[in-house]
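Read-outs: derived from the displayed coordinates by stated rules, not from any lab. As the structure is a prediction and not an experimental result, all values here were calculated from the model. Using ideal geometry, Cβ is built from the backbone for each residue, glycine included, and neighbour counts are taken over all protein chains shown.
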Amino acid sequence: MRYVIFFSSVLCVACATHKSETRVWQSIEQSLQTQLITIQDGDTLFMPEGNFMFTKSLAMEGKSNITIRGKGIDKTILSFKNQIEGAQGLLVSNGRNITLEDFSIEDAKGDNLKVSEVVGITLKRIRSVWADGPKTENGAYALYPVLCKHVLIDECIAMGSSDAGIYVGQSDSVIIRNSKAYWNVAGIESENSRWVEIYGNEAYENTGGILIFDLPGLTQYGHTTKVYNNNIHNNNHDNFAMKGNIVASIPPGTGVMILATHNLELTGNDIIDNKTVGTGIISYELVAALNEGEVEQEASIGGVQTVANNFRADSLYNPFPYGIYIHNNNYQNSKWFPALSHDIGKLFFMKSFMNPPDIVYDGIPDPNRPDRQICVQQGDEVIVINLDAANDFENLKKGARQFNCEGVKISLR
Amino acid sequence: MRRISLLVFVSVLLSCESRKQEIVVLSEVESAIDLSHIGKTKLSEYGFFVGELKTLTPAAGVVAYTLNSALFSDYALKKRFVKIPEGKAVTYAADDVFDFPEGTILIKNFYYPADFNKPEYNIRILETRLLINEAGVWKALPYIWNEEQTEAYLSVAGKTIPVSWTNTDGQQRNINYSVPNMNQCKGCHLRGDNVMPIGPGARQLNGDLEFSAGKQNQLVYWQTHGLLQGLPSIDAIDKLASYEDASIPINDRARAWLEINCAHCHRADGPAKNSGLYLLASETNPARLGIGKAPVAAGKGSGGLLYGIVPGNPDASILQYRIESIHPGVMMPELGRSITHTEGVALVRQWIEGLK
């Protein structure tokens, strides 16, 4: 069974007194939403070519074996610029084997495309952007599968997100490949997800290029991630995230950030001209400490000493990264100065003058796991720093070969 | 087949003066879609009411009920009924919504009086939402009333209806009331993979209602009329506070407000479980409640604030910020309101101020 949405022009109003280009939009809001509700399992919904404006979230729920296909990434445009209701542009939830392909989503008030609790979700050639470029008022995530299994994101484009462009959270068996993320705070972020492969992507001109995070207090914890053959360059954009979100603490100029996760391989990537740090390996302890510093500055907030303890109260959560294998990447940095707007940038400016580090490890010891199984095989040219952050950087150590790989065994199964 | 009436969006012009691009939206063409496989197309076909439909006079076997604390829906008033198949009964459960027998229908009518000082007069019913238990699976169907108030029609795609009323303080209020589309129904009613009722459980029904024979506890009434089995002594039953009852401690009222307005999603098996914020009145873990909890995926919903709840400081609390907001990308709940519940958010504010 095939669905086609028809439309026709009725009326065109133009403003006579100025020269700017007039973009004409159609409304297919009521009919498209009705299709998304009445579509039968196994159907394909064909969206026509054109610019389509929506005032409310679109939602599809509880469907199986559905394809929603546009006429092309530049041909079928769904815009939520006039949105007055709903926190997402398009929300797909509680389904199986859903494919979305060949269209664009723009300017939702919250997330552009959220996919929640779907087993089998493919996003192919979807362009998801905030058309006016990076702004704090933009929605958090351009492409946002969460609580999903079997996720494929392929040949997509994400731009302008005030949090992460391509963000996969609390999901299993994930592939993010051949996609582009730029002008977001985080380009690509995998959070509390398991069995993730990120390859063949270009992440550039974000605040941070690719982030692999594990956070406390959620439905599941992440591990087993392979990040390879990506081009991660010039991620030096100002951080425009709304304060309070974890990505607001990312220093501009971050290539790859590995936070509190384990069993990760980083290989074959070009990590180039990310001015503050090529790759950071840090624990949630450091994030909490930085957060506390911020809180101390805000004397008006009371009762927050519990904050740092919250993650410690989560007995299932391990705040320390381990099992990290970094090898055969191409690290280059022609920048002399890290982001001096950020405390971490200032630190690197002082401790590695005119030579921002390629790889940084916070060095905070895990009392339960003295051997952290961190292995770096990048030759003698890279600048590697162990911060000794637990002791106020007292025993900060520089040296390309300080992470011995002998005896390191990391399972990526 | 029924023709779906369409929102006509003639044109929206943005900023002729500025350098910004101009947006022109053309109207949508009508299309006809057959909905008969989804449910009955007219509310009257169910036979829930006798006499004039708009009087909502229940037919035999249709029983009115009320909740101790109700979800805020832009100040709409609600008349609720349940129809349990003859000869069947609900089995009592202490904590959760009741497990209603197959064939049960929950009927919720949303209406506004012209003047809230005279809530029984000059009533305009906007929509009737049905939850129908078919073979153990609940389905949610919205019916939209016509202007003549003679019939309500099944609508899958929802509708925006301008409404105005006079407030109890004499002020005129105007809103665009939003009837949810069928997916949005599930947005609130989904528990795991299944649609579930939200309100009618023992804690919510444990209160008095005016029946034809006089005022009576609803649970007792249900039991004496054969609708409920296994009811323990009424003193042994937990009761969800009425957040509107000023004689009850503020903690109980605020937690009741948070439960009915937030916890259908913010619970361990609800659609917002990914946030790690759980707001059932029974939640005792401070971090799960949001106290000192950093946001997970809030984006600009954080409002630049660091924690869900900062005890003693509602203005530093993301939860307070989001329940007060009417920005679609910030506001909580995400659906079901276009304005702020002034009394409700004041209650939560008072509660956070008193937290230590």
The range B:226-245 versus the range A:22-55: alpha-carbon centroid distance in Å: 46
Which whole-Hz ³J(HN,Hα) couplings does the range B:238-243 yield from phi under the Karplus relation 6.51 cos²θ - 1.76 cosθ + 1.60, θ = phi - 60°, glycine and proline marked x? 5, 10, 6, 4, 7, 5
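Checking the table A:LYS149/A:LYS397; A:LYS135/B:LYS159; A:LYS114/B:LYS83; A:LYS63/B:LYS79; A:LYS135/A:LYS180 against a 30 Å threshold on Cα-Cα, which pairs fail?
Checking Cα-Cα distances, A:LYS149/A:LYS397; A:LYS135/B:LYS159; A:LYS114/B:LYS83; A:LYS63/B:LYS79 exceed 30 Å.
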Phi-derived 3J(HN,Hα) across the range B:175-181 with the Karplus relation (6.51, -1.76, 1.60, θ = phi - 60°), rounded Hz, x for Gly and Pro, is 9, 9, 6, 10, 7, x, 7
Which aspartates and glutamates, on any chain, are close to A:LYS409 with Cα under 12 Å apart, when same-chain ones fewer than 8 places away are left out? A:GLU265, A:ASP371
Taking amide hydrogens as modeled 1.01 Å from N in the peptide plane, which residues meet the under 5 Å criterion relative to A:TYR331, leaving out close sequence neighbours? A:ILE271
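Run lengths n ≥ 4 of DSSP H only: what is the helix-derived mean residue ellipticity at 222 nm for the protein assembly as shown, with -39500 (n - 2.57) per run over all residues, to the nearest 500? Walk me through the numbers before you get to the answer.
Values: 10 runs with 93 residues, N = 769.
Taking each H run of at least 4 residues, the total per residue is -3500 deg cm²/dmol.
Please find the FRET efficiency linking A:ALA390 to B:SER325, where r is the Cβ-Cβ separation and R0 is fixed at 35 Å, and quote it to the nearest 0.05. It would help to have the intermediate numbers written out before the result.
Numbers: r = 39 Å, r/R0 = 1.13.
Rounded to the nearest 0.05, the efficiency is 0.35.
For the protein assembly as shown, give me the percentage of DSSP beta bridges that are antiparallel, rounded to the nearest 5 percent.
Details: 54 of 185 bridges.
Among the beta bridges of the protein assembly as shown, antiparallel pairing accounts for roughly 30 percent.
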Explain nothing, just compute: Karplus ³J(HN,Hα) = 6.51 cos²θ - 1.76 cosθ + 1.60, θ = phi - 60°, for every residue of the range B:340-353 in order, whole Hz, x for Gly and Pro. 8, 7, 3, 5, x, 5, 5, 5, 5, 4, 4, 5, 5, 4
Just to be sure I understand: with springs between alpha-carbon atoms less than 10 Å apart, which residue in B:SER317, B:SER73, B:SER233 has the highest mean-square fluctuation in the Gaussian network model of chain B? B:SER233
Taking a ≥ b ≥ c as the square roots of the Cα gyration tensor eigenvalues, with a/c under 1.5 meaning rounded and otherwise prolate when a/b beats b/c, else oblate, which class fits chain B? oblate
Taking H as built 1.01 Å from N, whose amide H comes closer than 5 Å to the amide H of A:GLY280, not counting residues under 5 places away? A:VAL256, A:MET257, A:ILE258, A:VAL360
Check: C-alpha center the range B:64-93 vs C-alpha center the range A:71-124, spacing in Å is 35
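Where the eigenvalues come from the Cα gyration tensor of the protein assembly as shown, what are the semi-axes √(5λ) of the equivalent ellipsoid, largest first, in whole Å? Don't jump to the answer; show the numbers that get you there.
Numbers: eigenvalues 457, 196, 110 Å².
Ellipsoid semi-axes (Å, largest first): 48, 31, 23.
Where nothing but the Cβ of Lys and Arg (+1) and of Asp and Glu (-1) is charged, how large is the charge dipole of the range B:250-354 around its Cα centre, in debye to the nearest 20?
On the way: 10 positive and 9 negative charges, 41 e Å.
The dipole magnitude comes to about 200 debye.
What does the convex hull of the Cα atoms come to per residue for chain A, in Å³? Don't jump to the answer; show the numbers that get you there.
Working: hull volume 64.2 nm³, N = 413.
Considering the Cα atoms of chain A, their hull volume per residue is 155 Å³.
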Within the range A:27-90, report the GluC sites (Glu not before Pro) that DSSP leaves as loop and that have at most 16 other Cβ atoms within 10 Å. A:GLU49
Counting only residues 5 or more apart in sequence or on a different chain, those whose built amide H sits under 5 Å from that of A:ILE105 are A:LEU78, A:ARG127, A:SER128, A:VAL129
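What's the longest piece of chain B with no exposed GluC sites (Glu not before Pro), counting a site as exposed if DSSP puts it in a loop and it has at most 16 other beta carbons within 10 Å? Intermediate results must be reported in sequence, preceding the final value.
Working: sites that count: B:GLU17, B:GLU30, B:GLU52, B:GLU86, B:GLU102, B:GLU120, B:GLU147, B:GLU148, B:GLU151, B:GLU244.
Answer from the scan: B:245-356.
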Among the lysines, which fall within straight-line cross-link reach of A:LYS75, defined as a Cα-Cα distance under 18 Å, with same-chain neighbours fewer than 8 residues apart omitted? A:LYS124
Cα-based Debye curve of the range B:250-354 sampled at q = 0.12, 0.19 Å⁻¹ gives log₁₀ I(q)/I(0) of -0.33, -0.91
Cα-based reach from B:LYS356 at 20 Å (exclusive), listing lysines while leaving out same-chain residues under 8 positions away: B:LYS293
In whole percent, the Cα-Cα distances of the range B:33-236 spread across 5 Å bins from 0 upward as 1, 7, 14, 19, 20, 17, 12, 7, 3, 0, 0
The range B:250-354, relative contact order in percent, only Cα pairs under 8 angstrom and at least six apart counted: 22
